Amino acid sequence: MKTEQHQKVNTLFNSWAGTERGERMALGHDPLLQPLKTDWNWEQVEAVLDLGCGNGRALSLAQAWGAKQLAGLDVSDKMIAEAKKNVPTADLQVGSIEALPWAEDSFSHVLSVEALYYLEDPNQGLAEIRRVLKAEGRLAIMIEFFAENEASHVWAENLPTAMVIWSEAEWVAALKKAGFPNAKASRIRRTTVKTEAEFQPSPSFPSYAQYLAYVEAGALYLQA
């Protein structure tokens, strides 16, 4: 049964699906995915699952890099409809990360970009990831909304849904508790930065100074 939080996130991302906003968001995640091109041995990526897969952009990159089997899950049915157009060979499901529709040990690799902070219970989500990931599998999580990135905190004021804001240490501790004893954290910093002339204020980035602070903080890159 869908919870109120689930419904709110579904409504939010359905409103972005198939729009310029949704496409811009997906392409904007590309810099966060680039470390995976070298951090993972793509000859060993038998089956990859993208949690919060949106329109399938990350899965398209994974396929180009050599992933053999693709799967994705998103809370938004309209995002999944877009993903089916972009990666038609993938196993794509509408649902919650807190209750994944796959069996134990189904995947050699799991990734998630900018999704886990929308969960009501990230600990349950991490437990589900541990369940579907093979014992020696690899996990990569990229998050820009976290405690140390103070410039991102304004996002929670402008989105009609609750968002979990944990620190780097809290995310690593949660991963270890979920069964990832070797979990570690680092940062990904964007190499392409808008000039002040190129910058356009928005509810997410109301000032150029705040945008620069967001870039400087970088994205939290969790690996296990």
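Some observations on this one:
- For GLY179, no residue 5 or more places off, or on another chain, has a built amide H under 5 Å of its own.
- Label-point separation, THR19 to LYS194 (7 Å along Cα→Cβ), nm: 1.7
- Three-way shape call for region 149-208 based on the alpha-carbon gyration tensor, with the a/c threshold at 1.5: oblate
- FRET efficiency estimate (nearest 0.05) - Cβ-Cβ, GLU43 to ASN158, R0 35 angstrom: 0.25
- Think of it as helices only: each DSSP H run of n ≥ 4 in the chain is worth -39500 (n - 2.57), and spread over all residues that comes to -11000 deg cm²/dmol at 222 nm.
- Spacing of the two label points (7 Å from each Cα toward its C-beta) at SER207 and ALA127, in nm: 4.3
- When the pairs LYS78/LYS134; LYS134/LYS177; LYS37/LYS134; LYS78/LYS177; LYS68/LYS176 are compared against a 23 Å limit on Cα-Cα distance, LYS78/LYS134; LYS78/LYS177; LYS68/LYS176 fall above it.
- Taking GluC sites (Glu not before Pro) across region 29-110, the ones in a DSSP loop with at most 15 further Cβ atoms lying within 10 angstrom of their Cβ are GLU46, GLU104.
- Net charge over other residues, Cβ less than 13 angstrom from the Cβ of ALA178 (K, R count +1; D, E count -1): 0
- Label separation (THR89 vs THR3): 3.6 nm, computed from points 7 Å beyond Cα along the C-beta direction.
- Over region 77-181, accessible surface divided per residue gives 43 Å², non-protein components excluded, 1.4 Å probe.
- Given +1 at the Cβ of Lys and Arg, -1 at the Cβ of Asp and Glu and no other charges, the dipole of the chain around its Cα centre is 320 debye to the nearest 20.
The values are calculated or read from the model by the stated rules, or taken from the named source; none is laboratory data. Quick caveat, the model's predicted, so the values are computed rather than measured. FYI the Cβ positions are ideal-geometry reconstructions off the backbone, even for glycines, and counts take in every protein chain you see. The protein model used for the area step is the full one, side chains on, heavy atoms only, and it has no ligands, DNA or RNA in it. Shrake-Rupley method; radii C 1.70, N 1.55, O 1.52, S 1.80 Å.
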